[in-house]
Amino acid sequence: MPAQLWVSVIELSCFGGLLGLGYYLVLRGADIFLFILGGLGMFGAMLGVHLMTTNGWPWPLAVFVGVLASVVIATLTEVLIVRPIHRRTGGEEMPSILAVVAILFGLEQLAGTLFGRTPMTGRAFWDADFTVLGAHVAGQSILLVLTTVVAFVAIGWWMRNSASGRMLRAVGDNEHAARMLGVPVDRIRVTAFALAGLLGGVAGSLFAAKAGVAFTSGLEWTLVGFLGVIVGGLGRVWGPLVGALIVATLQTWVVYEFGHAARDYITLVLALALFALRPEGIFQTKVRI
């Protein structure tokens, strides 16, 4: 592929990796797929763009408010929706997942009502252009890469070295045993959801600044992060980033060789092959009780 396409691969990988990391945290800490994650990124991004373009807010403040909204919605989702369902059903996953999916579509409609149904053009936070190996690289792309590196290093360090990070892994491995040992399960679950909301809001804001955002982006972005964590697996904290890189490379190459319509086919083939041959992803977790 031409060098410019590899820039697109890296951008998509970082975006999908950040969303996948949010999935990873909630799966490890609450054992549930947070299918609202792409919607959180979409809502936070649209709110930030709206505050910048309509109200004239400076981008740092607008982005902060958008990301904060993503964190608040994620936290409220756990406290008001997922936790009560989790308790009533004795920890069954499907009712909680269905409720979260319903919230995703509700968020899309709410965003369309509040911010309009016309796609929004983002505003770059860093107006700079560089040439790397013959490829054009925008400053916004560099910000996305740097943010992704910092996020994965910070989350990896936190999960390995902090008491709360180790407790998060314990809750995901066996919630009942963690409660018996005195682990504050409810606080850990809220922490996982809040961090996922933070990652979703940051990823959405950074990506929208380059590629734009619409109220329908929530489902598409949800699938981007979902594929990253499914391919990468839960065995390593950087697994979602590896998975996102594989997915982005395949999709970009197929579009380049066969056209945009072929992207959905290669995605479907990849998902089916992975579910059939390695359902736990490339990096498999060792402890699941």
If I stretch the segment between VAL145 and ARG169 completely, what's the gain in nm (0.36 nm per residue apart, minus their alpha carbon distance), one decimal? 6.0 nm
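Within the chain, which is the longest segment containing none of the trypsin sites (Lys or Arg not before Pro) that sit in a DSSP loop and have at most 14 other Cβ atoms within 10 Å?
On the way: sites that count: ARG117, LYS286, ARG288.
Maximal segment without exposed cleavage sites: 118-285.
Report the calculated FRET efficiency for ALA262 and THR121 (r = Cβ-Cβ distance, R0 = 30 Å), to the nearest 0.05.
On the way: r = 27 Å, r/R0 = 0.91.
Given R0 = 30 Å and the Cβ-Cβ separation, E is 0.65.
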Tell me, what is the percent relative contact order of the chain, built from C-alpha pairs under 8 Å that lie six or more residues apart? 35 percent
Based on DSSP loop calls and a cut-off of at most 16 other Cβ atoms within 10 Å, the longest stretch of the chain free of exposed GluC sites (Glu not before Pro) is what? 93-279
What spacing in nm lies between the two simple spin-label points modelled at LEU76 and ASP129, each 7 Å away from Cα in the Cβ direction? 4.2 nm
Per residue, how much accessible area does the chain show when a 1.4 Å probe rolls over the protein heavy atoms, in square angstrom? 46 Å²
Given Cβ charges of +1 for Lys and Arg and -1 for Asp and Glu, the option among MET159, ALA138, VAL255 whose Cα lies farthest towards the positive end of the dipole of the chain is MET159
For ILE32, distant residues with modelled amide H under 5 Å away: LEU27
Label-point gap, in nm, between LEU68 and ALA177 - each point 7 angstrom along Cα→Cβ: 4.1 nm
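Ignoring everything except DSSP H segments at least 4 long, calculate the 222 nm mean residue ellipticity for the chain; use -39,500 (n - 2.57) per segment, divide by total residues, nearest 500. If you can, show how the numbers build up before the last one.
Working: 12 runs with 211 residues, N = 289.
When only DSSP H runs of four or more count, the value is -24500 deg cm²/dmol.
On the accessible surface of the chain, probed at 1.4 Å, how many percent belong to carbon and sulfur atoms?
Values: 9130 of 13390 Å².
The nonpolar share, carbon plus sulfur, comes to 68 percent.
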Under unit Cβ charges (Lys, Arg +1; Asp, Glu -1), what dipole magnitude, rounded to 20 debye, does the range 1-157 have relative to its Cα centre? 280 debye
Under 5 Å between amide H atoms, partner at least 5 residues away or on a different chain: which partners does MET120 have, H built in plane at 1.01 Å? VAL213, ALA214
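Compute, for the chain, the length of the dipole vector about the Cα centre, with Cβ point charges of +1 (Lys, Arg) and -1 (Asp, Glu) only. Units Debye, rounded to 20. Don't skip to the answer; put the middle values down first.
On the way: 18 positive and 15 negative charges, 149 e Å.
Value, rounded to 20: 720 debye.
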Most positive-pole-ward Cα, LEU98, GLY182, VAL237, against dipole of the chain from beta carbon charges: GLY182
So what's the net charge close to ILE36: Lys and Arg +1, Asp and Glu -1, counting the other residues with Cβ under 13 Å from its Cβ? -2
For the Cα atoms of the chain, what angle does the longest principal axis make with the long axis of helix 262-277, in degrees from 0 to 90, nearest 10? 30 degrees
Alpha carbon centre of the range 90-133 versus the range 1-65: separation in Å? 7 Å
Go through the range 83-93 residue by residue and turn each phi into a ³J(HN,Hα) via Karplus (6.51, -1.76, 1.60, θ = phi - 60°); whole Hz please, and just put x for glycine and proline. 4, x, 5, 4, 6, 5, 9, x, x, 5, 7
Farthest toward the dipole's positive end in the range 1-129, which of MET46, GLY66, LEU114, given Cβ charges of +1 (Lys, Arg) and -1 (Asp, Glu) about the Cα centre? LEU114
Relative to the Cα centre, what is the charge dipole magnitude of the range 72-225, using +1 at the beta carbon of each Lys and Arg, -1 at the beta carbon of each Asp and Glu, and rounding to the nearest 20 debye? 380 debye
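The values are calculated or read from the model by the stated rules, or taken from the named source; none is laboratory data. Here the structure is a predicted model, which is why all the values come from computation and not from measurement. Note that we place each Cβ from the backbone using ideal geometry, even for glycine, and neighbour counts take in every protein chain shown. Ligands, DNA and RNA are stripped out before the accessible areas are found, and what is left, the full protein with its side chains, is counted by its heavy atoms. Shrake-Rupley method; radii C 1.70, N 1.55, O 1.52, S 1.80 Å.
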